[in-house]
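Okay, so here's the structure we're looking at.
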Amino acid sequence: MKRFYILLFSLLLLTVGCVLAVHFLWKSGAPEFEMREIERSTADCEENCLSVNINYLYCKSPSSFAENFNKEMELQVSNFLLGNREDTLQVEGVSIESALESFMTDYNNIHEHFPDIPAYELMLNDSIMFKNSKMLTVFSDRYSFTGAANAFRTKVFTHFDLSNGEVITNENLFTDEAKVAQIAEKYFKREQENFATKTLDEKGFWFEDGVFHLPKNIGIGKDYLHLFYEPFEIAAYVDTAFEVKVPMNEVQHYLTFSDKK
C-alpha cells in the first residue's frame, strides 16, 4: 500500500510538472516551431512532371503569437500557390489545401489541352533568419515556373512582433528610415562598382526623383541588414534581382525592436 501511495504521489508530481511547464511556455511567450511539408507531383509521371515542394514554418505554441504567426504564414503559402505576388492581389480566407487544389486543377486542365507544355514547378522554403527578445524574422526562398518565358525566383522577409505575432511593416521597422537609407546607399553604390561620382540613374538604375530608397524586401540578420531589390524596383532592362548587405552594427541603433537599446 505504501508503494502505491508513493507511485500515486510521483504521478501527481509529474502531472503538475507538465502542466506548469506548458503554462510557463505559454506565459513566457517562447514560441516553438515545426516545419510543415507539402509535396505534389503528377500521378504516374516519368518525365516533364509537375513538382510542388513547400516547406513552411508553423508555430505550435498555444498563444496569440502562434495564432497570428500561423495565419500570416499560411496566407503567404496560399497566395504563392495562387500566383499572387503583388500585395494588391493578395487573397485572404483561402486555405492552403484549397489553394493547392486550385493550382493542381488549373495545371491539369491546361496540360490536358497542351500536353507538350513544360511542367510547372513551385518551391518554397522557410527558415528563421533572426530572433532577439522582441522580434523574429522569417526568410522565405521561393521559386516558381508556371509556363512563362522566365522562371521567377525571389526572397521574402517577414518580421514578427514576439509579443503578439503581428507583422512588423517596413514603416515600423526603423526609428529613422531616412538615416538607414543614407547608410545603405553607400553600400549600394559600392556593390555597383563604387560609382561615387555618378548618379544612380546614370548607371542604369532608376529611383523616383533620382533619390535612393530602401526596397520592399528588407531582411534583418545577425550580422547584416539584407536589402533585396526586385528588378522592377531599380532597373527596367534587367531580369535578375539585386541584393545589398549592410553591416548590422551600423544600423542596429535605428532598429525599432532592438534589444540592445
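Values quoted throughout were computed directly from the atomic coordinates according to the rules given, and no laboratory measurement underlies them. Worth saying up front: this structure is predicted, and the values here are computed from it rather than measured. All Cβ positions, even for glycine, are placed from backbone atoms using ideal geometry, and neighbour counts span all protein chains on display.
If each of Arg190 and Ser127 carries a label point 7 Å out from its Cα toward its Cβ, how far apart are those two points in nm?
The modelled label-to-label distance comes out at 2.4 nm.
Using 0.36 nm per residue, how much length does the chain from Asn109 to Phe207 gain when fully extended, once their Cα-Cα distance is taken away?
Residue separation times 0.36 nm, minus the Cα-Cα distance, leaves 31.1 nm.
Using label points projected 7 Å from each Cα along Cα→Cβ, tell me how many nm separate Lys245 and Asp44, to one decimal.
That separation, rounded to one decimal, is 5.0 nm.
Taking amide H atoms as placed 1.01 Å from N in the peptide plane, list the residues 5 or more away in sequence, or in a different chain, whose amide H sits under 5 Å from that of Glu166.
Sorted by chain and number, the residues that satisfy this are Asp161.
Which of the aspartates and glutamates could a cross-linker span from Lys189 if the Cα-Cα distance has to be under 13 Å and same-chain partners fewer than 8 positions apart are dropped?
Once the sequence-local aspartates and glutamates are set aside, what remains near Lys189 is Asp201, Glu202, Glu243.
Can you list the aspartates and glutamates whose alpha carbon sits under 17 Å from that of Lys71, skipping same-chain ones fewer than 8 residues off?
Glu32, Glu34, Glu37, Asp87, Glu92, Glu97, Asp126, Asp161, Glu166
Using the structure shown, select from Lys134/Lys186; Lys134/Lys260; Lys222/Lys245; Lys155/Lys222; Lys155/Lys245; Lys131/Lys222 the pairs with a Cα to Cα distance greater than 19 angstrom.
The pairs that break the limit, which is 19 Å between Cα atoms, are Lys134/Lys186.
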